[in-house]
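Please read the structure below before turning to the comments.
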Amino acid sequence: MIRVLLADDQEIVRTGMAMILSAEDDIDVVAHAQDGLQALEMVTLHRPDVVLMDIRMPRLDGLDALRHLTRPQAPYRPQVVMVTTFDDEEYLARAVEAGAVGFILKDSGPRLLAEAVRAAAAGDSLVSPSITVRLLRRFRTSASAAAPQPATQRLSPREREVVVLLAEGLTNAEIATALSITVGTVKTHLTNVQSKLGARNRVEIAAWSWRTGLTT
């Protein structure tokens with residue numbers, strides 16, 4: 001079972017998400033939080049696999065709570081998916097930098113919500129299509145047209161292929177099929193890439209790929 005914590009300041013939103021996710025055979029909603037501070041307390045108490053985190057909450061907002069959970073010295077680091085009604089590019093960019101592994105809008109629908117939880121638990125990432133467009137536009141705009149960065153040159157040809165497909169939104173299984181390799185090999189390549197780039201997760205790798213112009 002995938003253990004999930006719901007963090008949102010609106011009770012009706014938490015209740016709705018809990019109803020949707022509790023209907024799934026492989027997902028267990030273990031706790032609710034109404035603000036960022038309570039979310040941190042509930043993470044310590046329940047140790048969920050995935051946290052669905054609203055961005056704007058009282059006392060401590062979702063971005064600050066995210067930074068606390070993903071800091072290097074954090075005693076427990078669940079996967080955090082940002083769930084919001086706000087698709088502002090600045091919020092999204094800050095969430096990427098803070099270590100979020102996925103982003104969905106509250107009106108994305110039941111199927112996407114459950115898929116986002118499963119993707120995060122499996123080490124993949126899921127981003128709502130409308131958010132993806134905004135993220136890619138922002139990273140494309142900031143990409144340099146200069147020569148490839150040193151980190152790009154450190155990646156092997158196969159690693160670059162994996163990164164490009166990852167940045168285009170493919171899952172590990174889809175990358176494996178596209179390159180005729182195993183899912184285990186994809187994971188090994190991504191682990192090596194994370195080490196070379198100092199990236200914390202797939203979203204940061206994808207963002208780096210767009211920023212450097214490796215993905216166009």
| Quick one: accessible area per residue over the chain, 1.4 Å probe, rounded to a whole number of Å²? | 47
| query | If you stretched the chain out fully between GLU11 and ASP26, how much longer would it get, using 0.36 nm times the residue separation minus the C-alpha to C-alpha distance? | reply | 3.1 nm
| Accessible surface of the chain, 1.4 Å probe, proportion on carbon and sulfur as whole % | 52
| query | With springs only between Cα atoms under 10 Å, which of GLN38, GLN79, GLN153 fluctuates most in a Gaussian network model of the chain? | reply | GLN153
| said: Residue by residue through segment 22-27, what is 3J(HN,Hα) from phi via Karplus (6.51 cos²θ - 1.76 cosθ + 1.60, θ = phi - 60°)? Round to whole Hz and write x for glycine and proline. | reply: 5, 6, 8, 5, 10, 10
| said: As a test of the definition: which semi-axes, in Å, follow for the chain when you take the square root of five times each eigenvalue of its alpha carbon gyration tensor? Largest first, please. | reply: 29, 18, 16
| query | Tally Lys/Arg at +1 and Asp/Glu at -1 over every other residue whose Cβ is under 11 Å from the Cβ of LEU37; what's the total? | reply | -3
| Based solely on its DSSP helices, what 222 nm [θ] is calculated for the chain when runs of n ≥ 4 H residues each add -39,500 (n - 2.57) and the sum is averaged over all residues, nearest 500 deg cm²/dmol? | -16500 deg cm²/dmol
| query | Toward the positive end of the charge dipole of the chain, about the Cα centre and with charges on Cβ (Lys, Arg +1; Asp, Glu -1), which of LEU21, TYR76, VAL4 goes farthest? | reply | TYR76
| query | For segment 46-54, what does the Karplus curve 6.51 cos²θ - 1.76 cosθ + 1.60, with θ = phi - 60°, yield as ³J(HN,Hα) per residue in whole Hz, taken in order and with x for Gly and Pro? | reply | 10, 6, x, 6, 9, 10, 9, 10, 6
| In degrees between 0 and 90, to the nearest 10, how far off the longest principal axis of the chain does helix 110-121 point, with axes built from Cα atoms? | 60
| query | Roughly what angle does helix 202-212 make with the longest principal axis of the chain, taking Cα atoms, 0 to 90 degrees, to the nearest 10? | reply | 40
| message | Please compute the length gained on full extension between MET1 and ARG154, using 0.36 nm multiplied by the number of residues separating them and subtracting their Cα-Cα distance. | response | 51.2 nm
| field | 0 to 90° range, to nearest 10: angle between helix 157-167 axis and the chain longest Cα axis | value | 40
| request: Could I have the simple spin-label model distance between ALA93 and ALA178, label points 7 Å from Cα toward Cβ, reported in nm to one decimal? | output: 2.5
| field | Centroid-to-centroid separation of segment 95-126 and segment 1-65 [C-alpha atoms, Å] | value | 13
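The values are calculated or read from the model by the stated rules, or taken from the named source; none is laboratory data. Remember, it's a predicted structure, so these values are computed and weren't measured experimentally. Methodologically, a virtual Cβ is constructed for each residue, glycine included, from the backbone with ideal geometry; neighbour enumeration extends over all protein chains shown. Note: areas computed on protein heavy atoms with side chains; ligands, DNA, RNA excluded. Shrake-Rupley method; radii C 1.70, N 1.55, O 1.52, S 1.80 Å.
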